[in-house]
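Take a look at the structure set out below.
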Amino acid sequence: MARKSRKNLPQPEQTAVSVLLPELDEARMPAAIYGRLSVEDDEKKESMETQIALVQDYINRSSELNYVDTYFDNGFTGTNFKRPAFTRLMNDVRQKKIKCIVVKDLSRFGRNYLEAGYYIETVFPFLGVRLIAVTDNFDSTRKEDMESLALPIRNMVNAMYAKDISKKIWTSLQRKKEAGYAVGNDAPYGYIRNPMTKRNEIDPEAAFYVQLIFQWELMGVPIFEIARRMTLLQVPTPREWHRKMVEGKEVLTCKKWGVTTIRHILENQTYVGDTINNKSTQKLFAGQDRHDLPKEQWYVAKNTHPAIIARDDFEKVQKILNKNRAVFQTVRAKSEQIRAEYQNDLAGMVFCADCGRPMEFERLPHGAEESKKVCYYICKA
């Protein structure tokens with residue numbers, strides 16, 4: 001196989017996804033490009049192409065490095081290292097496929113100064129990996145760079161910058177939530193998000209099926225039957241509707257509707273014209289992961305967009321759902337009590353004499369007289 005020349009290196013826009021290595025020059029160190037672009041960054045200044053092109057040019061001009069692959073995390077924060085491309089990079093590092101990681105600057109590598117410092121000062125030296133930050137003029141093989149106070153200070157500044165940006169974004173979102181703007185990425189099924197006004201507008205086709213679902217529930221049709229009817233009507237599910245209306249993709253076949261999807265639609269207050277925000281929160285600047293908030297902390301802005309369902313009909317449906325939920329919880333509690341009383345003491349020990357398959361344990365204590373309550377094993381085959 002002919003040795004690959006540096007002229008044949010992939011262009012900056014070709015972010016490689018394969019980990020198959022080209023034939024390397026043994027005199028050079030196998031190097032990988034790593035880049036990151038978070039939602040907080042200015043895309044014009046810190047675009048993916050800009051980062052890759054800058055680092056690619058550095059590798060091309062180096063007499064010590066030989067390009068292997070590009071790893072890029074697009075839309076991931078630098079405050080932690082739970083990123084798919086970085087995980088793939090570290091897997092290749094442990095397999096000795098990569099000996100040098102080149103980044104545009106240390107902030108692209110990570111903004112958590114404790115974790116970044118741990119990788120630079122402990123993990124990489126242990127694995128024999130070299131780290132180069134082009135614009136920061138940092139090279140982990142230079143003793144003066146590793147011992148300089150500038151490294152921890154720079155990492156700390158990156159961490160403080162990330163926290164400051166995160167806090168500003170969180171504060172801005174909170175203000176929008178309180179003002180009643182829809183801050184989520186997409187509108188719920190039945191609506192289309194106006195990119196200019198950030199308000200929900202009715203999608204007539206999907207809104208018809210939302211009204212049909214509510215009407216069936218008011219008529220006493222069980223939720224599982226509503227899901228079956230929607231499937232029989234070949235109505236696109238909310239996910240398929242999103243692929244068609246938002247992503248612009250063609251939907252060839254309609255999938256099966258689920259009970260959870262129907263219940264989510266029936267419980268969604270957005271359909272009466274209200275905007276519901278603050279159902280969950282995340283504070284990256286405070287080291288807080290995303291978590292759900294109790295209903296008392298939700299922001300409810302009424303009549304912010306056209307309603308699909310009348311408010312009194314929605315309230316009637318909620319009463320039906322709450323009643324059914326109470327019945328379900330009562331039955332479930334009784335079932336758990338029965339399961340605790342009638343336990344399967346021979347689990348995994350009873351087999352069918354005819355086919356040899358494990359027999360299933362059945363309980364028959366529901367509504368029966370005490371003398372007729374029995375448990376038995378049955379072969380479902």
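Points worth noting:
- Residue match in region 331-353 (condition: under 30 Å from Val221 (Cβ atoms) and at pLDDT 85 or above): no
- Taking region 234-247 as the range and being in contact (Cβ under 8 Å) with a residue 12 or more places away in the chain and surrounded by fewer than 15 Cβ atoms within 10 Å (Cβ to Cβ) as the test, the residues that pass are Gln234, Arg239, Val246.
- Flag if Lys7 is at pLDDT below 80 and part of a helix (DSSP H, G or I): yes
- Filter pass, Val134 being within 22 Å of Gln56 (Cβ to Cβ), open to solvent by 30 Å² or more (accessible area, probe 1.4 Å), more than 21 Å from the chain's Cα centre (by Cα) and among the aliphatic types (A, V, I, L, M): yes
- Flag set for Ala326, criterion: open to solvent by 40 Å² or more (accessible area, probe 1.4 Å), of a type in the set (A, V, I, L, M, F, W, C), in a helix (DSSP H, G or I) and modelled with pLDDT of 80 or more.
- Scanning region 215-233 for residues that are within 25 Å of His305 (Cβ to Cβ), surrounded by 15 or more Cβ atoms within 10 Å (Cβ to Cβ) and either touching a residue at least 60 places away in the same chain (Cβ under 8 Å) or among the aliphatic types (A, V, I, L, M) (or both) gives Glu217, Ile226, Met230.
- Identity of the residue in region 255-276, among the hydroxyl-bearing types (Ser, Thr, Tyr) and in contact (Cβ under 8 Å) with a residue 12 or more places away in the chain, that ends up nearest to Ala310 (Cα to Cα): Tyr271
The values are calculated or read from the model by the stated rules, or taken from the named source; none is laboratory data. The shown structure was predicted, so the numbers you read here are calculated from the model rather than taken from an experiment. Counting neighbours? That spans all protein chains shown, and the Cβs are built from the backbone with ideal geometry, glycine included. Note: areas computed on protein heavy atoms with side chains; ligands, DNA, RNA excluded. Shrake-Rupley method; radii C 1.70, N 1.55, O 1.52, S 1.80 Å.
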